[in-house]
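Take a look at the structure below.
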Amino acid sequence: MPVHLQIVEDEVDVARAASQHVCAQVRERSDAVLGLATGSTPEATYAELVQLYRERALSFARVRSVNLDEYCGLDGAHEQSYRHYMQTHLFDRVDIRPWNTLIPDGLAADREAECRAYEERICALGGVDLWLLGIGSNGHIAFNEPGSSRDSRTRCVQLTAETIADNSRLFAASTEVPRRAFTVGVGTILEARRVLLLATGAHKARAVAAALQGDPGTHCPASFLREHAHCTFVIDRPAASMLES
Ligand code: GLP
């Protein structure tokens, strides 16, 4: 089945639409396993979900969550760690149980063991119901940089210069951006029952067009999502501007 494409006006509408997808999933199954993403793109979606929780329209009390990735070498308390991001934007603001949130441990001494354990825990949860994704300007998903294979699993990867440059805006200096990160694999993501990719802004237009209309392959890891039976892209008009009709 082709990717379902939902083009909306702007980033506010992307957040509204995305939060409705998440809400529908949790209403369908209160103990849903949500795959979660970090980055600027899903911030507004998390704000919408917090609002729905405050209005008592949604509860995370039984929800289990799994995150896509984490920087190697950062403690969960570090302001730029993805654990800190998730606590700040969602976990500390809703009723999700701390023990139901899973994020790779950036400080794990045995990185290979951490990756194996992560896959095993996803398996023990029964797999992911809905995985929320962003997209990197080079077409990466999670930290699966160009060159990542379709069957890749959770591992520790080297970040590309482009990703380090993109993400350096959040650090005091680009030299502070960790060079390595834990990431679930493309294969791990493709096993989710549903996938929801969000993209906003003209700086994502090239990656979105490559993912949806370019030759599929390892040069654009997001293009592998076209194989998924239940994948939706929710994007705004600027992010859709390079799509051919
Ligand atoms: C990081 C994350 C990705 C995210 C991407 C885009 O590299 N590892 O999961 O999709 O950035 O981030 P943003 O939404 O800030 O553009």
*asked:* Probe of 1.4 angstrom, ligands and nucleic acids ignored: what's the accessible area per residue over the chain, in square angstrom?
replied: 44
_Over all directions, the average projected area of the alpha-carbon convex hull for the chain comes to how many nm²?_
12.1
*CD proxy at 222 nm, helix term only [per DSSP H run n ≥ 4: -39500 (n - 2.57); per residue of the chain; nearest 500]*: -9000 deg cm²/dmol
*Over the stretch 125-245, what is the mean sequence separation of C-alpha contacts under 8 Å (at least six apart), divided by residue count, expressed as relative contact order in percent?*
34
*For the charge dipole of the chain, defined by +1 on Lys and Arg C-beta atoms and -1 on Asp and Glu C-beta atoms about the Cα centroid, which residue among Gly139, Thr38, Val63 has the Cα displaced farthest towards the positive pole?*
Val63
*Please give, to one decimal in nm, the separation of the simple spin-label points placed at Trp99 and Arg111, each 7 Å out from Cα toward the Cβ.*
3.1
*Between Ser245 and Cys23, take the C-beta separation as r, use R0 = 30 Å, and let me know the FRET efficiency to the nearest 0.05.*
0.50
*Can you pull the one-decimal nm distance between simple spin-label points at Asp92 and Leu170, each 7 Å off the Cα toward Cβ?*
1.5
_What is the distance in Å between the Cα centroid of the stretch 27-82 and that of the stretch 120-156?_
16
_Gained length - Arg237 relative to Arg180, 0.36 nm times residue gap less alpha-carbon distance_ = 17.2 nm
*Carbon and sulfur atoms: what percent of the 1.4 Å accessible area of the chain do they account for?*
50
*Toward the positive end of the charge dipole of the stretch 106-208, about the Cα centre and with charges on Cβ (Lys, Arg +1; Asp, Glu -1), which of Gly126, Ala199, Leu170 goes farthest?*
Ala199
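Please go through the stretch 1-97 and write out the GluC sites (Glu not before Pro) that DSSP classes as loop and that have at most 16 other C-beta atoms within 10 Å.
Values: sites: Glu9, Glu11, Glu28, Glu43, Glu48, Glu55, Glu70, Glu79; in loops: Glu9, Glu55, Glu79.
Passing both the DSSP loop test and the Cβ count: Glu9, Glu55, Glu79.
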*Could you give the nm distance between label points at Leu5 and Ala47, where each point is 7 Å from its Cα heading toward the beta carbon?*
2.8
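The values are calculated or read from the model by the stated rules, or taken from the named source; none is laboratory data. Please read all numbers here as calculations on a predicted model, not as lab measurements. Because the Cβ atoms are built from the backbone with ideal geometry, glycine has one as well, and the counts that use them run over all protein chains shown. Surface areas here come from the heavy atoms of the whole protein model, side chains and all, with no ligands, DNA or RNA. Shrake-Rupley method; radii C 1.70, N 1.55, O 1.52, S 1.80 Å.
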